[in-house]
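Note sheet for the following structure.
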Amino acid sequence: MDIDYPPEAEQYRARVKAFLGEHLPADWAGMGALDEHERERFRLEWRAILAENQMLAVSWPKEYGGAGLTLVEQVVLAEEFAKAGAPVGSENDTFGISMLGNTLIHLGTEEQKQHYLPRILSGEQRWCQGYSEPDAGSDLAGLRTSAVLDGDEWVINGQKTWTSAGHLADHIFVLTRTDADAPKHKGITFLLVPMDQPGVEVRPIRNMAGYALFNEVFFTDARTAAKEVVGGVNDGWRTAMALLGFERGVSATTDAIRFRAEVDRLVALARERGLTGDPRIRERLAWCHSRVEVMRFRGYQALTRSLAGSRPGPEAAISKIIWSEYAQVYTELAMEILGPEALAMTGQRTGGLLQMPEHGTENTARSWVETFMSARAGTIYAGSSQVQRNIIGEQLLGLPKEPRADAGPFRELSRGRA
Amino acid sequence: MDFSYSADQEELRDSVRRFLTDKSPLAKVRADIATELGYDQALWQQMSSQLGLPGLHLPEEHDGSGTGLLEPAVVLEEVGRSLTSTPYAAVLFASLAVLHLGSKEWQAELLPGLASGETIATLATIEVASPTGASALATTAQSRGDQVTLTGAKTLVEHGHSADVLLVSAVGDGGATRLYVVQGDAPGLTRTRLDALDLTRPLAEVRLDAVPAVLLGDVDGLDGLVDVVCALLASEMVGGTAACLEMATAYAKDRFQFNRPIGSFQAVKHRLAEMLVALDGARAAAQYAVLAADTGSPELATVAPLAKAEASEAYTFAAGWNIQVHGGVGFTWEQDAHLYFRRAWTDSALYGVPAAQRARLADRLGL
């Protein structure tokens, strides 16, 4: 048993560190130290530098313009970027490069690969994800946005929601209902749709922390070519599940790095207020340290499994529960350390966040309040804690499912709910 | 990077599990614990001579097999799963004290007997006012010429009523805390088996009234030993936690109410999922702590209390919910759930409850 990275991974780590040292600004203190305007400008410049140096699309094979890195190299790169607080791409790259790009490489047609991959990589196309709907949240397969073939085009009608970075995107991959007479998982098709057309409308949703990070997307007779199906007509659920595997990505070891920085910030907050001597606060800070260590150790386990060739499976549900529930507890501790100070905020706005503030964020009351508010989202998005516990119970413990109330043709279900 | 037990270590796990499932089912543990000795000597002999368990980690020059600490951690996990009342843990912890703190002479004297299972030694360190047994001790060692005597009282000594050798922590004339070797039949020694919460492991109180003793070695301080013990105890607790989760899961699949297996109800399913989340974290922490102990990493100082606290909370959580999932039957004497519940709370308190572990952790983090 050992936790040492292979020598070639350490050699690659040295190269990544050298790259970061050479290309990050001399006074680099993390994205969090920039104001909102500087951040946007930096993100664009930085993405161009990454593209020039083959540090973008690190998981893609070289033949498609990717860096063709081994898994452990991808992990090392993500770790070093996380430590430096350097972005690995733009907001839309998560969807374009990690999710869609990898899905196309595995399930796309040759024509789709040739057309889309270079455009995703160059930044010419910015992608977002059209999955959830107002009536299909935890029950994603209950989606109702319809696509009907009209000649050589699909005609799409319906509504998607919680579309992150949708306001910055010009393309969307959409799960659509294409056969309402089939059982609900069997009549879904995965479509690639341009957003710069009259039938697509994006409306921002303001979250409870005050930021518009995600959107509603309305489709009214929107169109896309018949060939823009990924993975086969009515076989989109399989494509969606494959994409989910890429969504999990290589975060196994980076969560611990990013949450470690937050523990440091929390300890500094307590120290500044003279509270590290309070036995109750000390115990809870030690608890936070422990939970982040557990994330680190579990990261080594996940990496060990990946290096042995197994893809992330249902055990990712455990990781999701651990980090998202921890995020609520440690930010609640911050609120307690701040006390009345939290009630009238000072300091720069974070610009909005989905997991934790950017590296280098000032240790202010506002940064903590915004992190605390945003932590409520973590146990809901990307599969709520309740869905994760079903996955753990059924797929890892083998417990029986609840009796199904949604078997049979989708049409009969939707009639009941209409 | 290979943060997992090796194929050989997993094979050891399988063979120990098969052996204990076969030879030490809980009905037998209940019968064994009711005897004066509290365990089955024949069973212990088999574990020692047939499987060679107590000597796995001891050096070959002292008749051991010379493995590291990962192997005993694997065994201890299975011991924790089976609740066997044999003195595996007691002998393991005592042997580590001899190995790390003992003089060459004491190692040569004690280790071969510990490796073969013929000598039962145990740590007598914990005091009512000193849960870790490493500091704030009331037991003192007085030297008169070459002779040393110990005076004081120890509690929660595993197999303390019957062990051949006790390793007793005491504060010497110079103020240093060290371990001393006391023979089980020494004059001035009073040993009383306790009415223990834990029904599957005999615990004793030991009173010392000017008991002749010999210094085990001249290494000061027991903090390092307590850390190794806590790391290993975390492994024992992981085994018990897994047993609770498996019992509860099997019952939830089997037990029908409202014409459905109760495990299909989310109210039950989600508690079982939480037990697995807790077990998974505790397992990772225990594994890392044992690795740190095995490699002598300085990280052990923070990782041991952390792993002990994580495993304690996972075990007490799982043991409590195991009873709840079993319903009324889970509250009966005949059902085994309470045996794990008792062990969970006992292990959780030994060497310090989770809050105390986190206080140690906070100190060591420099908070």
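The values are calculated or read from the model by the stated rules, or taken from the named source; none is laboratory data. Computed from a prediction, not measured in an experiment: that's the story for all the values here. Ideal geometry is used to build each Cβ from the backbone, glycine not excepted, and the neighbour counts take in all protein chains shown.
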What tally of residues in the stretch A:269-287 results from selecting those that are in a helix (DSSP H, G or I), more than 9 Å from chain B (Cβ to nearest Cβ) and more than 20 Å from B:A309 (Cα to Cα)?
2
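Tally the residues that are under 16 Å from A:L24 (Cα atoms) and either crowded, with 16+ Cβ neighbours inside 10 Å or touching a residue at least 60 places away in the same chain (Cβ under 8 Å) (or both), restricting the search to the stretch A:50-76.
Residues of the stretch A:50-76 under 16 Å from A:L24 (Cα atoms): A:50-56.
Filter once more, so that each one left must be either crowded, with 16+ Cβ neighbours inside 10 Å or touching a residue at least 60 places away in the same chain (Cβ under 8 Å) (or both): A:50-51, A:55-56.
Residues in the stretch A:50-76 being under 16 Å from A:L24 (Cα atoms) and either crowded, with 16+ Cβ neighbours inside 10 Å or touching a residue at least 60 places away in the same chain (Cβ under 8 Å) (or both): 4 in total.
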Please work out which one of (1) part of a helix (DSSP H, G or I); (2) in contact (Cβ under 8 Å) with a residue 40 or more places away in the chain; (3) buried (at least 19 other Cβ atoms within 10 Å of the Cβ) is the condition B:G224 fails and give its number.
(3)
Among the numbered conditions (1) farther than 24 Å from A:P409 by Cα; (2) of a type in the set (A, V, I, L, M); (3) surrounded by fewer than 17 Cβ atoms within 10 Å (Cβ to Cβ), tell me where A:L149 comes up short.
(1)
Strands (runs of 3 or more DSSP E) wholly in the stretch A:79-186 with at least 3 residues that are touching a helix residue (DSSP H, G or I) at 6+ places or on another chain (Cβ under 9 Å) - which ones?
A:127-130, A:171-177
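Regarding A:A26, is this residue buried (at least 17 other Cβ atoms within 10 Å of the Cβ), in a loop (DSSP other than H, G, I, E, B), away from chain B (no Cβ under 14 Å) and at pLDDT below 95?
No; evaluated as a whole, the condition is false for this residue.
Would you mind finding the one in A:A377, A:A327, A:A344, A:A302 that is at pLDDT below 95 and either more than 14 Å from chain B (Cβ to nearest Cβ) or touching a Lys or Arg at 6+ places or on another chain (Cβ under 6 Å) (or both)?
That would be A:A344, the only listed residue that is at pLDDT below 95 and either more than 14 Å from chain B (Cβ to nearest Cβ) or touching a Lys or Arg at 6+ places or on another chain (Cβ under 6 Å) (or both).
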Just to be sure I understand, how many residues within the stretch B:324-367 are assigned to a loop (DSSP other than H, G, I, E, B), of a type in the set (A, V, I, L, M, F, W, C) and over 15 Å from the mean Cα position of the chain (by Cα)?
2
Tally time: how many residues in the stretch A:232-265 are surrounded by 21 or more Cβ atoms within 10 Å (Cβ to Cβ), modelled with pLDDT of 95 or more and not in a helix (DSSP H, G or I)?
0
Residue among A:T220, A:T224, A:T189, A:T254 that alone is more than 14 Å from every other protein chain (Cβ to nearest Cβ) and either closer than 30 Å to B:R283 by Cα or in contact with a Lys or Arg (Cβ under 7 Å, 6 or more places away or on another chain) (or both)
A:T254
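For residues that are over 18 Å from B:V165 (Cα atoms) and under 21 Å from the mean Cα position of the chain (by Cα), tally how many sit in the stretch B:194-221.
Number satisfying all stated conditions: 8.
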Breaking point among (1) farther than 28 Å from B:S85 by Cα; (2) under 25 Å from the mean Cα position of the chain (by Cα), for B:A170:
(1)
How many residues does the stretch B:251-294 contain that are without any contact (Cβ under 8 Å) to a residue 12 or more places away in the chain and either surrounded by 23 or more Cβ atoms within 10 Å (Cβ to Cβ) or facing chain A (nearest Cβ under 10 Å) (or both)?
12
Scan the stretch A:391-412 for residues that are more than 7 Å from chain B (Cβ to nearest Cβ) and modelled with pLDDT of 95 or more and jot them down.
A:I391, A:E394, A:Q395, A:G398
Quick one: which of A:E45, A:E40, A:E111 is surrounded by fewer than 17 Cβ atoms within 10 Å (Cβ to Cβ) and farther than 20 Å from A:G360 by Cβ?
A:E111
